[in-house]
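The values are calculated or read from the model by the stated rules, or taken from the named source; none is laboratory data. Not measured: the values here are computed from a predicted model. Cβ sites come from the backbone with ideal geometry, for glycine too, and all protein chains shown count toward neighbours.
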Amino acid sequence: MQADIAGAVRAVEVAKAFHWTWKDEDVARFCDAAGWHVREQRTHGATLVTDLRLAEPIAFVEADRSFLQQHGGSKESVLSIQLMFTDVGPFRIGLPRELLGQVNEQLTAAIGAPTWSDEDGRAAWYLRRLVVRTEPGDEWLQIEFINPRYQKWREESDSSFADYGDDEFDDGE
């Protein structure tokens, strides 16, 4: 089991500095900025190849233009990008929480204290144009770059998210 925490933190720093519009063209522009490339483009997303030092360094783009149009994002299409920062499990007992703790600690040093965290080791940073969230996936650990409009909808739909208004997003600068 490998984890690339330094690579994940570097990707978050690039994401924080990136000028997000959440349009289709952001995917290619972000890949250029991060040193990644698109492996496969699909109707509702893409698979990206990242620069993380993993057996399969991938990220997934989730896109849904009609959903975002229904929620006020008239020209937006990208909902989120899920960056895997570990290889696929199985994990030894306790490792996911340990690795989430390490990545959260390093992200706090790089971009400041999280806006939200929970007892399971998940954390989120609410920035002006971006929400960064760490969490376990089914078989790996991930960092998610989330469109704030989509995050707001998720919070309204799911009680496992903290309830923050738009004024909770800092300027990300």
Q) Looking at segment 149-160, is at least one residue modelled with pLDDT of 90 or more and part of a loop (DSSP other than H, G, I, E, B)? A) no
Q.
Can you find a residue that is surrounded by fewer than 13 Cβ atoms within 10 Å (Cβ to Cβ) and either among the β-branched types (Val, Ile, Thr) or in contact with a helix residue (DSSP H, G or I) (Cβ under 7 Å, 6 or more places away or on another chain) (or both) anywhere in segment 35-44?
A. yes
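Go through the residues of segment 111-123 one by one and say whether even a single one is of a type in the set (Val, Ile, Thr) and modelled with pLDDT of 90 or more. Steps first, please.
Within segment 111-123, the subset of a type in the set (Val, Ile, Thr) is 111, 115.
Those still in the list that are modelled with pLDDT of 90 or more too: 111, 115.
The answer is yes; a qualifying residue exists.
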